[in-house]
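Below is one structure; the comments refer to it alone.
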Amino acid sequence: MKWIRDEEFARGGKIPMTKFETRVLTLTLLNIGAGDVFWDIGAGTGSIAAQAALLGAEVHAVEREAEGADVIQQNAAKFGVHLHVLRGVAPDALALLPDCAACFLGGSGGQLEAITRAIHARMRPGGRLAANFITPENFAQFTSLLREFAYANVQTRLIQTAVSDERGMFRGQNPVFIVTGIKQ
């Protein structure tokens, strides 16, 4: 299995991307399998979506920004994967997707509770849900929602990475909360 490096992805102007170390850990925790119906909500550049497709999932990427949807299509073509890209705003856009076995929430546009409720309603029992946050408030709200919905094995990891540049200087990245749970 090829893990795609950050520099390999096409990037948009201000379109966010889940960085390599966070992407690898998040997808490992989601335990994506061949044939899983997988949602990537707030897909940004599609870095999670493309990697999930390489893991064998049927991927549905939801992105509200037109530029982001275009970049996702570019990355799908670049890595030779098929992605269902839906330009729309969650939670309303989720009604157009098939029920999922796994889901990644990368962006909520201020609609975290409504989107989490919509995911919960459409996720199959035993489904795996992960979300990444850079603010403690959002991570705390999401964790509370997973507990309210009685998700099993709710866990939070806080990771921070720094990558050296060509001169050996380390460039720190934002700390990221990775929250995961399993629907009962």
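The values are calculated or read from the model by the stated rules, or taken from the named source; none is laboratory data. Because the structure is predicted, anything quoted here is derived from the model rather than measured. No Cβ is skipped: glycine too gets one built from the backbone with ideal geometry, and neighbour counts run over all protein chains shown. We work out accessible area using only protein heavy atoms, side chains counted, and drop any ligands, DNA or RNA first. Shrake-Rupley method; radii C 1.70, N 1.55, O 1.52, S 1.80 Å.
Here are a few things to note about the model shown:
- Looking only at region 27-45, and only at residues there that are small (Gly, Ala, Ser) and touching a helix residue (DSSP H, G or I) at 6+ places or on another chain (Cβ under 7 Å), the one that is nearest to residue 116 (Cα to Cα): 43
- Test: residue in region 39-54 that is surrounded by fewer than 19 Cβ atoms within 10 Å (Cβ to Cβ) and outside any helix (DSSP H, G or I): no
- Filtered by the rule that a residue be in contact with a Ser or Thr (Cβ under 8 Å, 6 or more places away or on another chain) and either free of Cβ contacts under 8 Å to residues at least 40 places away in the same chain or farther than 21 Å from residue 23 by Cβ (or both), region 136-145 gives 138, 142, 143, 145.
- Matching residues in region 1-32 - criterion: being in a loop (DSSP other than H, G, I, E, B) and either in contact with a Leu (Cβ under 7 Å, 6 or more places away or on another chain) or in contact (Cβ under 8 Å) with a residue 60 or more places away in the chain (or both): 1, 2, 4, 9, 10, 11, 16, 18, 19, 31, 32
- Members of region 87-113 found to be among the hydrophobic types (A, V, I, L, M, F, W, C) and open to solvent by 40 Å² or more (accessible area, probe 1.4 Å), listed by number: 89, 95, 96
- Of all residues in region 134-157, those satisfying the criterion of being hydrophobic (A, V, I, L, M, F, W, C) and either modelled with pLDDT under 95 or at negative phi (or both) are 134, 139, 140, 142, 145, 146, 149, 152, 154.
- Filter result for residue 180 (buried (at least 16 other Cβ atoms within 10 Å of the Cβ) and outside any strand (DSSP E or B)): no
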